[in-house]
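Novice: Quick one: structure below, then a few questions.
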Amino acid sequence: MSPSPLSKIVLAVGLALAAPLLHAEDALLKPVPVPDLTKLPAPKAEALRKEREEFDRVRATLAGDRLAEAYALLATVYSRNELNAAATVAIEDAVLLAPKDGRWRYLQGIISLNDRNALGAKTSFENAFALDQNYLPIRTAAANQRIAAGDLDGARKMLEEYTAKKQDEAVPYAMLGDIALRQKRYRDAIDQLDRALKLAPDANKLYAQLADAHAGAGDAKAAAEARAKAGNNTPSLYDPLGSGLFGRNAAKAPPAAPTAPQKPVDPKAQAMNEAIVQSGQRQYAAARASLDKALKIAPNDVAVLSLYARIEAISGNIPAAESRAAAAIAADGKNAVARFSQGAVREVAGDDAGAQRGYEDAIRLDPKQIGARVSLGNLLLRNARYDGAIEQYRKVTELSGDGDALARLVAAEVAAGRCAAGLKDVNGALAKSANDPYLLQLFVRLASTCSAASADEKRMALDYAGKIYRGSESAQVGEAYALALAANGKWDDAVKTQQGAMFLVLRGGGQAELAPFREVLQQLQAKKLPDRPWPASSSIYRPARLEPDRGPPLSATPAAAPPKKP
């Protein structure tokens, strides 16, 4: 069995699979368009369709960094196949979810280069470098963009900072030689290129530049000797991130070091992983078979039984799910995951009281059980029990520190009529991370719609909104900007901006997602400011109940059409 990258993310979240959570990010992220695959060879198009089906399936089970990784992997899949519009949106969402992860900024720059967006590439690489100055390919990518923009001194400084500490790579020296040659500093160019050639003697293309440098320095003989050695080989830089995810050609791996013998695969863990992947593909019979295999290896194992209970519940087999959950608790009554699974089973069965007991038992046994706290918060908010929901979401925010948890907390506070408390919480988060685009958008939406927001906060919201709007082509960012414009009395501009956001949704193939945007547009056209940060109909205020999955297996093919009547 050879799962795709997205399947591997599902393996990593393990037991979280069968308890999909409502994502507050949905109110802020841009829907990734489904690209036209008709021009691709049939096998490749089918593989891409399956990757997208798997992404759409697993994203409901992920949050925070894991969700960002899923978006980034979807971006790589599309980028490899030159589907740049969809790749651009997917990587933008990854950056929005994990703004402090330099990897996604770097990959965003690569996608921008593939899409011939030089300005976007420069911005992304510079942002990546600000976050991660240790990964040399990020440094050289940012330096290359500075060179292309004519900032030779800026690129030179960036590269010299590296060579002052490390002298192990040819590429920085080759780039310094190129810069020196452009600036007619011929002696320095010769020194830098000689250093590069000592580290990469096969990089004979550098001899052409070395010849130019010697010629510029007035040494015709040395120039002729260097030009006679010139070839087509360039120095390479090992870039596991760019080459591993995007198949770039700019990297050559160094010889592999001897590795220690790998530990044998745990057959129980392997069987559970297979069940998780199969369940993610709606192959529930196969998932049961895998878990039966795991139970033969480890009878009465609480982890296997807990997973079994949740897969049975999500597949709609409630009696079997309850039996497996009871067996898990009988195996270890003090296991938080077993109690969490029992709560999920009861929620799927429509028993809110039983679900609440299960989630509370899990939290009592493990106060850091984030999944149980989110599920309990969702249950309480759905039943308008705001104080309890706020308590759970606040604790999740403290434990995880991610924007998704804060958005849940804000939604609960707004639903309870306490937008001022939500504004205080968002301001507190921004004090720690002032340039986080997710938090900025959250502030803009809340400050623009909260009746307790001051005039200064509304003006600040407009400034923030303009800042993030200029750097993003996201319908959600556009709507946030529209709200800020309206909050500052710019009604005509607000209407036009909201209409522009709706156009982006349509352009991305999101006809079915227009309703909440239209709801806001109608209010703006009536010069009525919404009283909450997301449309009143948004499910963020009323999280969906866990329900059995009734969809067909993802690998199922449509039934053949009936023969035409003669």
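Novice: Residues that are touching a residue at least 40 places away in the same chain (Cβ under 8 Å) and either in a helix (DSSP H, G or I) or under 30 Å from Ala85 (Cβ atoms) (or both): does region 451-467 have at least one?
Specialist: The answer is no, given that none of the residues of region 451-467 is touching a residue at least 40 places away in the same chain (Cβ under 8 Å) and either in a helix (DSSP H, G or I) or under 30 Å from Ala85 (Cβ atoms) (or both).
Every residue, every condition in (1) touching a residue at least 40 places away in the same chain (Cβ under 8 Å); (2) of a type outside the set (Phe, Trp, Tyr); (3) in the same structural domain as Leu440 (by TED's automatic domain parsing); (4) part of a helix (DSSP H, G or I), yes or no:
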position: Ile311; (1), (2), (3), (4): yes, yes, no, yes
position: Glu322; (1), (2), (3), (4): no, yes, no, yes
position: Ala325; (1), (2), (3), (4): no, yes, no, yes
position: Ala338; (1), (2), (3), (4): no, yes, no, yes
position: Gly350; (1), (2), (3), (4): yes, yes, no, no
position: Gln356; (1), (2), (3), (4): no, yes, no, yes
position: Lys395; (1), (2), (3), (4): no, yes, no, yes
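Novice: Look through region 113-141, keep the residues that are among the charged types (D, E, K, R) and over 18 Å from Glu92 (Cβ atoms), and return whichever of them is surrounded by the most Cβ atoms within 10 Å (Cβ to Cβ).
Specialist: Arg139
To keep it simple, each residue is scored yes or no on (1) within 22 Å of the chain's Cα centre (by Cα); (2) on the phi < 0 side of the Ramachandran plot; (3) in a helix (DSSP H, G or I); (4) at pLDDT below 95.
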position	(1), (2), (3), (4)
Lys368	no, yes, no, yes
Ala372	no, yes, yes, yes
Gly388	no, yes, yes, no
Glu391	no, yes, yes, no
Leu406	yes, yes, yes, yes
Val414	no, yes, yes, no
Gly417	no, no, no, no
Ala421	no, yes, yes, no
Val426	yes, yes, yes, yes
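Novice: Sort out which residues of region 122-154 are in a helix (DSSP H, G or I) and among the small types (Gly, Ala, Ser), and write them in order of number.
Specialist: Passing the criteria: Ser124, Ala128, Ala130, Ala141, Ala142, Ala143, Ala148, Gly154.
Novice: Evaluate region 435-447: report whether one residue or more is over 18 Å from Leu29 (Cβ atoms) and buried (at least 20 other Cβ atoms within 10 Å of the Cβ).
Specialist: Yes; the residues of region 435-447 include at least one that is over 18 Å from Leu29 (Cβ atoms) and buried (at least 20 other Cβ atoms within 10 Å of the Cβ).
Novice: Looking only at region 292-336, count every residue that is buried (at least 24 other Cβ atoms within 10 Å of the Cβ) and under 33 Å from the mean Cα position of the chain (by Cα) and tell me the total.
Specialist: The total comes to 14.
The values are calculated or read from the model by the stated rules, or taken from the named source; none is laboratory data. Predicted, not measured: the structure shown is a model, and the values here were computed from it. With ideal geometry, Cβ positions are generated from the backbone for all residues, glycine too; neighbour counts draw on all protein chains shown.
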